[in-house]
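Each value in this text was obtained by applying a stated rule to the coordinates, not by laboratory testing. All values derive from a computational prediction rather than experimental measurement. Neighbour counts are summed over all protein chains in view; Cβ atoms, including those assigned to glycine, are modelled from backbone coordinates with ideal geometry.
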Amino acid sequence: MMYRNAPETDFQKPSDEEIAYIGRNSFYAFLALHGEELLPDEAFRGLYAKDGRPGLRPSMVARAHLLQTYCNVSDAEAKQRADFDQRWRVALHLKEGDRPFAKSTFQEFRNRLIGHDQERMLLVRSLEAARARGYLVGRRLHIAVDTTPVWGRGAVKDTYNLLADGIQILGRAVAGALDQEVGDWARDQGLTRYFGSSVKGSAKIDWDDDEARAVFLTGIVADADRLVYEADRVAEQVGEGEKASGIRDASALLRRLVEQDVERTAEGCRIKEGVAKDRVVSAHDPVMRHGRKSASKRFDGHKGAFAVDTDEPFVLAVQELPGNAADKEKVLDLVVESEANAQVEVGKTSGDCAYGDGATREAFANAGRTLIAPVPSPPKGKALPKQEFTIDLDQDRVTCPEGQTTETWKEVRAETPQGPRAVKQFEFSAEVCRACRRYKECVSSTKGKGRTVTCHPQERRLQEARAFQETEEFREAKKRRQVVEQRIARLVQLGVRQARYFGRRKTLFQLTLAAVVANLVLLMNYALKGHGTPAQGAAASVLCPVLFVFVLWIVAATRRASRTRHSARILARPVDGGSSQLFAA
């Protein structure tokens, strides 16, 4: 049951002396003074039953989670700071001697928030606080979107130890279902070696010997197959329920680990060449994936996607993506969520070239939205890029860089996210191309054919986008996009680069809480610096020229008066025994 109707004696509002002691301009003081307003107990009523034993004040525990994110500390450290750190205690409205919560209670509250999908509510309330103070209102938003890598919590291992982890996880599930000690069960099954520190490290083989490695891997796969068979038997034996479900999930994971990495042959098993698509990289966090933020930067984990207002850089929406997902994945959902969270219409969305492909542009256009993003550069290759050719879609004509023109085309199929689509492929005459001085530079075919130019399924949109890239409006939008990079840098300081928890759902909670803290700190800084709201800014834009002219008039008048006094001293001359008289004109 939620703690309700708390008397004033159950918590202690901070005194002015306490606020001054912890730093009046600090985030701790901001939460102490405004925490109850931002996150009242009533906001969490849906997390609790109407009856039962009263619990802790949810607003206090929620503020503790914000402080944990702000300080980037563990659950144990958060518990310690709530007990002994005066800054935390003042922010949480604790009385002297109070020990506000146990670590398990702190974690249970987080699980309640996640289980009820309430972390988004915290983000929405931070944006409501911004709107109440005059931000994010009176205009259509221009937002910027981007992603950042999030290193996963699970250990990433090679194939041998990855299979061993899968065997260990399934073995624990089977032993638990049979109510046996894991060590005893593993000994009976002949699987003890998989419950040590490293099955690969304990192997006494010559790792330079291909045959020895194959024999070792074949033995691991045989143990995995035997365990999967035993697990299926035990799952049927225990029937339906949580234990059977746990066995089936662990069995499916082990099967997948074997299938993705191992090639079975008549001579035995060997590791597959290359990397399987959507490969599981950690048995303890199976949703982690190999990802790339660029060609040279690889990571294992997830991606965090963020939408930020470019005028007042509040984080409007957060998403968690698989590590191997493209940045553009679900970007339209991110825009829609930004509108829902901020309760303001989004007018324009800016992104980098990861969002500039034709399919994403078409999705935005079909949704009636404006996307501003550079067109991705063509891959480097031997042939001249298609962008060097002039493609006239209205006249069905293509002109090459050397001035040759063709109107010969045929229909071919191009793959798109929505399925195959018919596009035009233009072809230049082989005779014309072979006579050209740039033939080898332009044509990659070794069969003496002419150059072909295939239109993109969204060729017209890409042409319009390339033309727009030359405008001043695009250059201004490109400058605005830097805001999201700056906000992500702040979120990285709040710990989003490293996942705290296993799984994407809890990682989304971590990313969202970081966004909430970043928004509240920004709101606090605006208040401390006297940052004007948009309405105040409009008034200032009118008043500033008037004030400027008035100041210039005052300065000019002062200078004229000074020159007059100076002239009077020069023209003054002693007369009649020391008396002074000003010469008349």
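Given the options Ala43, Gly23, Leu92, identify the residue whose Cα lies farthest towards the positive end of the charge dipole of the stretch 8-116 (+1 on Cβ of Lys, Arg; -1 on Cβ of Asp, Glu).
Ala43
Over the chain, what is the mean sequence separation of C-alpha contacts under 8 Å (at least six apart), divided by residue count, expressed as relative contact order in percent? Provide the component values of the computation, followed by the final result.
Values: 807 pairs, mean separation 92.5, N = 585.
Relative contact order of the chain: 16 percent.
Taking chymotrypsin sites (Phe, Trp or Tyr not before Pro) as exposed when DSSP calls them loop (any state but H, G, I, E, B) and at most 13 other Cβ atoms lie within 10 Å, what is the longest stretch of the chain free of them, the sites themselves excluded?
Numbers: sites that count: Trp207, Phe583.
For chymotrypsin sites (Phe, Trp or Tyr not before Pro) (loop position, at most 13 other Cβ atoms within 10 Å), the longest site-free span of the chain is 208-582.
Give me the Å³ per residue figure for the convex hull around the C-alpha atoms of the stretch 114-199.
173
For a quick check of your reading of the filter: which trypsin sites (Lys or Arg not before Pro) in the stretch 39-115 sit in a DSSP loop and have no more than 13 other Cβ atoms within 10 Å?
Numbers: sites: Arg45, Lys50, Arg63, Lys79, Arg81, Arg87, Arg89, Lys95, Lys103, Arg110, Arg112; in loops: Lys50, Lys95.
In loop regions of the stretch 39-115 (DSSP not H, G, I, E or B), the sparsely surrounded trypsin sites (Lys or Arg not before Pro) are Lys50, Lys95.
Mean 1/r over all different Cα pairs, inverted: what Kirkwood radius does the stretch 386-459 give, in Å?
Evaluated over the stretch 386-459, this radius sits at 13.0 Å.
What number, in percent, do you get for the relative contact order of the stretch 8-116 if the mean sequence gap of Cα pairs under 8 Å and at least 6 apart is divided by its residue count?
RCO, the stretch 8-116: 35 percent.
So, by mean Cβ neighbours within 10 angstrom, what's the order for 142-148, 400-406 with the highest one leading?
So the order, starting with the most tightly packed, is 142-148, 400-406.
Output the pairs from Lys386/Lys478; Lys293/Lys330; Lys303/Lys529; Lys293/Lys410; Lys79/Lys297 with a Cα-Cα distance over 27 Å in this structure; if there are none, say none.
Table pairs above 27 Å Cα-Cα are Lys303/Lys529; Lys293/Lys410; Lys79/Lys297.
With label points built 7 Å along Cα→Cβ from the Cα atoms of Arg140 and Asp394, find their separation and express it in nm.
In this crude spin-label approximation the distance works out to 2.6 nm.
Can you work out the Karplus-derived ³J(HN,Hα) for every residue in the stretch 42-48? Use 6.51 cos²θ - 1.76 cosθ + 1.60 with θ = phi - 60°, whole Hz, and x for glycine or proline.
The phi angles translate into 4, 5, 10, 4, x, 7, 10 Hz.
Here are some values of Rg and Dmax of the Cα atoms in Å: (1) 34.9, 122; (2) 35.0, 116; (3) 34.1, 132. Which one was computed from this structure?
Looking at Rg and Dmax of the Cα atoms in Å for this model, the match is (3).
How big is the gap, in Å, between the Cα center of the stretch 199-273 and the Cα center of the stretch 388-460?
Using only Cα atoms to place each centre, the spacing works out to 51 Å.
Select from the chain the helices, each a whole stretch of DSSP H, whose alpha-carbon atoms run 15 Å or more along the helix axis and whose Kyte-Doolittle mean is at least 0.5; answer none if there are none. All intermediate terms of the calculation are to be shown ahead of the outcome.
Working: long enough: 58-71 (20 Å, 0.30); 103-115 (18 Å, -0.88); 119-132 (20 Å, 0.11); 159-177 (27 Å, 0.72); 210-238 (42 Å, 0.10); 242-261 (29 Å, -0.57); 331-342 (16 Å, 0.75); 482-493 (17 Å, -0.02); 504-529 (37 Å, 0.81); 534-571 (55 Å, 0.79).
TM-like helix candidates: 159-177, 331-342, 504-529, 534-571.
Please work out the Cα convex hull volume for the stretch 8-116 and give it in Å³ per residue.
Dividing the Cα hull volume of the stretch 8-116 by its residues yields 110 Å³.
For the stretch 292-342, what Kirkwood radius comes out of the mean inverse Cα-Cα distance, in Å?
Over the stretch 292-342, the inverse of the mean reciprocal pair distance is 11.9 Å.
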